[in-house]
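Laboratory data are not the source of any read-out in this text; all were calculated from the coordinates shown. It should be emphasised that the depicted structure is a prediction, and the values quoted were computed from it without experimental measurement. FYI the Cβ positions are ideal-geometry reconstructions off the backbone, even for glycines, and counts take in every protein chain you see.
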Amino acid sequence: MRIIVTGANGFVGRLLVGRLARQGHEIVAIDHLIEADCGIEAIAGSIADPVILARAFAGGCDAVVHLATVPGGAAEADSASARRINIDATIALSEAAAEAGRRPRFILASSIAVFGANLPATVDDDTPLRPLLVYGAHKAMIEQWLATLSRRDALDALSLRLPGIVARPAGPSGMKSAFMSDVFHALRADAPFTSPVAADATMWLMSVDTVVAALVHALTLDLALPADRAVTLPALRLRMDELVTTISRRTGIDPARVRYAPDPDLQAAFGAYPALVTARGDALGFHHDGSVDRLVASALATITSQDSVK
């Protein structure tokens, strides 16, 4: 397939592009900063630029994986800029895909942020969307837009609601949930870490390898898709102290290097996730990491791979 990938130089994008290229697909990779790689057409620029979109879709497309976004914290800080990318540019991207292909598959990296806070005791496929963050509201709006284009036979879209993904590279990310990855880097380096959520805080997590596998699976999924074209991915529900204990065991570092000083806002937004039931995602063949040990092992391997590239 000829696949357009936005945000291709990001944390998930780099791994996804590499995997798709190894599978023999023709990849057009778009990001602000990106270099050409063997067999990959790299386009440096913003998806908000019509010239960039015209160049990317000049050869047509069979599928789009849309990863580019202005994430949580950055979207809250500058909602106007976030709207230009998360809403306006995404709509333009979807319309360009519809014009360039014959009902191409369009995969949106959506987010569990669409559910908001103060969640019920169990979240399932019938849980209403009540986003609280600007980022979550943007994702919910685009989910509806893509479902509409699918009903109009312009696209064959699927929005995947991603949980917390570990372990992202160290450094600023613009994401309020960055602490979920930062704790991996701190313990691996035997550095002190202050958790902004309590020891018993509960989170939905997935390794980046499992996220990439989900995106690849979504590209060729031929089962009947839900009417709203949205799927909440299966994820592990873990306590913060459970995550810390497992990382410590894997790295040989004392878990006491982590102290807990809950921030009320972060605790409410990212530390109180209830039971998760994903019957729709399960039936479509998506899966989580299987266990906290497997998730941590995968995340630490990702960090090692990131270090080897530096």
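For this structure, a couple of remarks:
- 3J(HN,Hα) from dihedral phi, region 66-82, Karplus parametrisation 6.51/-1.76/1.60, rounded to Hz, x for glycine, proline: 9, 9, 4, 6, 9, x, x, x, 5, 5, 5, 6, 9, 5, 5, 5, 4
- Cβ-based charge dipole, the chain, positive-most Cα from H138, G72, I165: I165
- Difference of contour (0.36 nm per residue) and Cα-Cα distance, D153 to E95: 19.7 nm
- Computed over region 1-152, the ratio Rg/Rh where both radii use C-alpha atoms and Rh is Kirkwood: 0.98
- DSSP bridge pairs, the chain: antiparallel proportion in percent, nearest 5: 10
- Rule-of-thumb Rg ratio for region 71-136 [Cα; 2.2 N^0.38 Å; N residues]: 1.36
- Fraction of antiparallel bridges per DSSP, region 146-289 only, in percent to nearest 5: 30
- Ellipsoid semi-axes in whole angstrom, largest first, where each is sqrt(5λ) of the Cα gyration tensor of region 1-71: 16, 14, 11
- Over region 173-310, the reciprocal of the mean inverse Cα-Cα separation, the Kirkwood hydrodynamic radius, stands at 16.2 Å.
- Note on A54 and N118: their simple-model spin labels are 4.8 nm apart, each label 7 Å out from Cα toward Cβ.
- P(r) tail fraction, region 78-215 - alpha-carbon pairs more than 27 Å apart, %: 31
- Since only W204, A299, A147 are under comparison, the one whose Cα sits farthest along the positive direction of the charge dipole of the chain, derived from C-beta charges on Lys, Arg, Asp and Glu, is A299.
- Taking every Cα-Cα distance in region 153-207 and sorting them into 5 Å bins from zero, the calculated P(r) comes out as 4, 16, 22, 24, 13, 6, 6, 4, 3, 2, 0 percent.
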